[in-house]
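Every number here is computed from the coordinates shown, using simple stated rules; none is lab data. What you see is a predicted model, and the numbers here were worked out from it, not measured in a lab. Don't worry about glycine lacking a Cβ; one is built from the backbone with ideal geometry, like all the others, and counts go over all protein chains shown.
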Amino acid sequence: MSHTVIGIFNSSSQAQDAIEYLTANGFDRENLDIRTSQAGSLESSGGADVEVSDPIGDFFSGIFGPGVSDASRYTEAGRNGTIVTVHAISREQADVAARVLDNHGAADVDEHANAGASGSDEARLRSRIIDGTVEDRLRLRQENLRDDRGSAHRPDVDVDAFNKGAL
């Protein structure tokens, strides 16, 4: 069974660092998604507000179910931060991904919900592991990741032909 790991970051640079660390350590980039807080919005249409889209709300409702408190908590946190999702092929890979996200600064979404609860000696993950896969239409693909590797290789272009308008 596959698993989905969710980490929400207060800083997009922390999220990008986590993605870079995961890819450098054997995770397939196709199985990693990142989404910053710019979700759906309301637009005026002839005097009436119309909801454009809410991919973040749709994502968490799809995972937790509509109206579930976890969906609401995670949606609110996701709208205010950067979401990283890892689509892991095994529980072991999901556990590793959750630790990486936590070590790179994933926020504790449940922190306020669990305030006042008795402490535990067991370290609690801040990232959430969900059993199962996320439908492709709900995945939170996005974003332009920072690329510190320098300029990309580009095919040779005939500059003279380009300058003369031949291309």
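Order the peptides 94-102, 58-66 from the highest to the lowest mean number of other Cβ atoms within 10 Å of their residues. Can you show the working numbers first?
Values: 94-102: 21.1, 58-66: 18.3.
Answer by packing, highest mean first, reads 94-102, 58-66.
For the pair Glu92 and Asp28, the difference between a 0.36 nm per residue extended length and the Cα-Cα distance amounts to 21.5 nm.
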